[in-house]
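Reviewing the structure listed below.
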Amino acid sequence: MNKPDLSPIFMERSHFYTKPNMKRLIILTLILSIFCASLNAQDVIRQQSCEDGLINHQVDSLKNMYSKDGFVLLKEASITMESEYEMPVVVPLTEGSWYQFVFIGDYTSKLYEVRMFDWNEKQVVFQQKRWGDVDGNVISYSYIPKFSEFHMMKPVQVNKKKKKNLCGYVMLFKKAGENKGNAAR
């Protein structure tokens, strides 16, 4: 008895099963390529530190002044900014505590502005200074939150000559020994 030749059957099956796998592999590669390209295409503003001798001198002076007034430094950061672009800073605040916020902008900028929003995106503080003002590049304000929640501070500066790599500095102080609800201005 002769055995039937089964090689064409196995060939067809193997061909049948590899073709869809190749299609899946090509489709998967295409999808991953598109996904990776879209990730690289997004412009993400990343916080980067900066150095400015004048700002550093102002920072040291303000730290000394506020520590003498009974404030403790909670957070600080130097930030590289672009002209006319806000740099959001999110901070958790406790109800009834007395906070002092400070933003120092590049000395050559013409306009400095800070807006602060509560968790519900309601603007709770707005301050603006111009280059000619006394301490024009420093914005400082007190704030006592009515609720314990995150707040967002959005400093911005406008510089006609330098559009990028503007140095800025933010600080958050809290009055030492403040009890909830007993803060005074």
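The values are calculated or read from the model by the stated rules, or taken from the named source; none is laboratory data. Since the structure is predicted, the reported quantities are computational estimates derived from the model, not experimental observations. In this analysis, Cβ positions are derived from the backbone assuming ideal geometry, glycine residues included, and neighbour counts consider all displayed protein chains. Quick note on the areas: whole protein, heavy atoms, side chains included, nothing else; ligands and nucleic acids left out. Shrake-Rupley method; radii C 1.70, N 1.55, O 1.52, S 1.80 Å.
Add +1 for every Lys or Arg and -1 for every Asp or Glu among the other residues with Cβ under 10 Å from the Cβ of residue 73, and state the total.
That sum, taken over residues with Cβ under 10 Å, equals +2.
Where Lys and Arg each count +1 and Asp and Glu each count -1, what net charge lies around residue 146 among other residues with Cβ under 11 Å from its Cβ?
-2
Quick check on the range 42-102: take the gyration tensor over C-alpha atoms, sort the square-rooted eigenvalues as a ≥ b ≥ c, and tell me if it's rounded (a/c under 1.5), prolate or oblate.
oblate
Ignoring ligands, DNA and RNA, what percent of the accessible area of the range 49-122 is carbon or sulfur (1.4 Å)?
50
Return one whole number: the accessible area per residue of the range 82-132 in Å², for a 1.4 Å probe.
Ligands and nucleic acids excluded, the figure is 53 Å² per residue.
Below 13 angstrom from the Cβ of residue 118, what's the summed charge of the other residues (Lys, Arg +1; Asp, Glu -1)?
+1
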